Every structure is written in C-alpha cells, then in structure tokens.
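Take a look at the structure set out below.
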Ligand code: SF4
C-alpha cells in the first residue's frame, strides 16, 4: 500500500509492514506545485493558508494514497483541518503525535500504536531501523563532504537529506544511487566560495535559492531541518532517535543543535527561512536573539523562483558581510 505522510515520523514501522511510505511534501514540491496549490484553493482552501498544506491536500487526493499519516502534534496545527478534509474525501487517516513535553513513555506509546495499526512486530521495526541506519551513516558522509571537504553543493545536500524522510519509498535503490553520488563527489575539486552559510527552518518552497546563492559565491553547508530528517544521531533505540530529532519539539532544542553546528561547520552567517502564514515565523524572533552570527530572515509563499525583493535583500546582506 502507498502510505502518505505529512512530515517525518517513525517511517521504520511502515517499511516493516511491507508498505511504501511517501513524503507528500516531496511529491508536491517536485511535481507541478502551482497546480497542486490551485487545486486546493479551487476546493475552498483559503489563500492565506500555507502552500505546503494545500499542496499536500492535492497530492493526497491525486497520488493514489491508500492512507495518510498526519502528524497532529509536533508539526503543524493546520494538519488537523487537513486531515478532516481528507476524511471527508474518504481517505483513511492515521494520527501520530510527537509529545511536546518530550515524554519518552508517551512517544513509545505512539510508536506502539502505529505498530498495532499496521500489525507489525517491534522486533521487525528494529530490524528495519538497523537497515536504514546503514544508509543514514552514508548520509553523514555526504554531509561531511559538504561542510568539511566542500565537494557537495548546498542544493545537492538539501536534495539527498530531504529525500531521506522516505528514502524515495525504496531504500535499496536510494542507497545504490547514494553510493554512486558519494563516489563521484569524492573525486571532485573543492568548491571555492566567499561565504559558508547555514539554512535554518523548513525546506524552502523557492526553487532557485541555492543556485542564486552559489552564483553569488555562497554555499549552504548546513541544511538544518533537512539534516534532522536524515536522523543523524544514530541512536541505538528507536524512541531515543525520535526524541533527539529536534524538529517536532521546542525552538530551544533546535537552537542547541544550530549553535553546535554553527561552531563545528564554521559558518559565516545563516538564512532563517520561514513560510508565509506559518506559525514557525514566530521562532525567528528567538533565532535572531540567540544565534550569534549574522542572520537574514527570508520568507517564501508560492512555489517558484526567488522574487526580486528577496534577491535584493540577499545581495545587500552579502555586501554587509563583505565590508
Ligand atoms: S510550513 Fe508551517 S504552516 Fe506550512 S505545513 Fe509546515 S509547519 Fe505548517
């Protein structure tokens, strides 16, 4: 069965049950994103609701999902209403929650609930985790090729890490292509740039951001949330793995990780990205307060290229860093 989901969750359970998990965000943003948004608005979704939610609604309806897992705590409050509109269209919906309190027992119960729903043994789930961790180790190598050896672009890093949320539904094929990519990248010359940036926040809906930055001699060597999707800590226990995953919890968990990586990766500045109409825009207040290198806040709304105003703001920011 094809099981869509709204954001990273213990994907091991779905693989262990023999189904194909599909991150609906990836289908949305790599497909005809504007059409997906338009379709949702045609069905009545308001203009001033985040494009990702509208995109996922249309993807769920048009991509033949057998069921959708909605992360109703720890991601986006809009997911509740998204799920209701999907139920109304006769799509089976399964809820998953990351407890805001980071309560270990509650999270373990959520994983167990999912295992019961899919009728899969915990031992089988752990076997899958061991298999996926082998690939995750290779993603750590890819990330290191980005920030330590400067051989991978920010866009390549973004694409590999963001796709590790579901391994494109086929971990074996994903691993094979990853091996080939790492082999090719290891043979490259280092990318020469003026600045090393971090990208903070949800993955961008803007298509040419990384290319625009590279043209201006900036490489993104830290994709914060995309890296979180790749579960880089390799915790032995599956519950610990999803407790260390910073995205669903408070901004203070994210800040701890961000500050560590700013220092490890020797970043010059960060872009704090947020999506129009997203509650996470409020987190930017604390990012600007606690991150002690230059921060530029940018916002994306509709899928597509960078608008002229944001290009100008980035160029002015770069001028400021230079002089
Ligand atoms: S970008 Fe924000 S509003 Fe949009 S789906 Fe993600 S969390 Fe929700």
Problem set entry | Options 267, 234: the member that is surrounded by 20 or more Cβ atoms within 10 Å (Cβ to Cβ) and over 23 Å from residue 76 (Cβ atoms) | 267
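Each row is one residue, and each column tells you yes or no for (1) modelled with pLDDT of 95 or more; (2) crowded, with 17+ Cβ neighbours inside 10 Å; (3) within 16 Å of the ligand (Cβ to nearest atom); (4) under 21 Å from residue 170 (Cα atoms).
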site	(1), (2), (3), (4)
100	no, no, yes, no
112	yes, no, no, no
118	yes, yes, no, yes
136	yes, yes, no, yes
139	yes, yes, no, yes
145	yes, yes, no, no
148	yes, no, no, no
Exercise. Do we find a residue being closer than 26 Å to residue 243 by Cβ, within 16 Å of the chain's Cα centre (by Cα), in a helix (DSSP H, G or I) and more than 12 Å from the ligand (Cβ to nearest atom) anywhere in the stretch 20-37?
Worked result: yes
For this session: Name, by its number, the condition in (1) closer than 24 Å to residue 254 by Cα; (2) within 16 Å of the ligand (Cβ to nearest atom); (3) in contact with a helix residue (DSSP H, G or I) (Cβ under 8 Å, 6 or more places away or on another chain); (4) part of a helix (DSSP H, G or I) that does not hold for residue 58.
Result: (1)
For this session: Determine which single condition residue 75 fails, assuming it passes every other condition in (1) assigned to a loop (DSSP other than H, G, I, E, B); (2) within 12 Å of the ligand (Cβ to nearest atom); (3) surrounded by fewer than 18 Cβ atoms within 10 Å (Cβ to Cβ).
Result: (3)
For this session: Kindly indicate whether any position in the stretch 205-222 is modelled with pLDDT under 95, assigned to a loop (DSSP other than H, G, I, E, B), under 19 Å from the mean Cα position of the chain (by Cα) and buried (at least 23 other Cβ atoms within 10 Å of the Cβ).
Result: yes
Exercise. Would the stretch 155-168 turn up any residue that is outside the structural domain of residue 210 (by TED's automatic domain parsing), exposed (fewer than 15 other Cβ atoms within 10 Å of the Cβ) and either within 19 Å of the chain's Cα centre (by Cα) or not in a helix (DSSP H, G or I) (or both)?
Worked result: no
Exercise. Filtering the stretch 262-303 down to residues that are away from the ligand (no atom under 16 Å from the Cβ) and in a strand (DSSP E or B), which residue is nearest to residue 203 (Cα to Cα)?
Worked result: 270
For this session: Name, by its number, the condition in (1) more than 26 Å from residue 243 (Cα to Cα); (2) within 13 Å of the ligand (Cβ to nearest atom) that does not hold for residue 80.
Result: (1)
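The values are calculated or read from the model by the stated rules, or taken from the named source; none is laboratory data. Predicted, not measured: the structure shown is a model, and the values here were computed from it. Every residue, glycine as well, gets a Cβ built from its backbone with ideal geometry; the counts of neighbours run over all protein chains shown.
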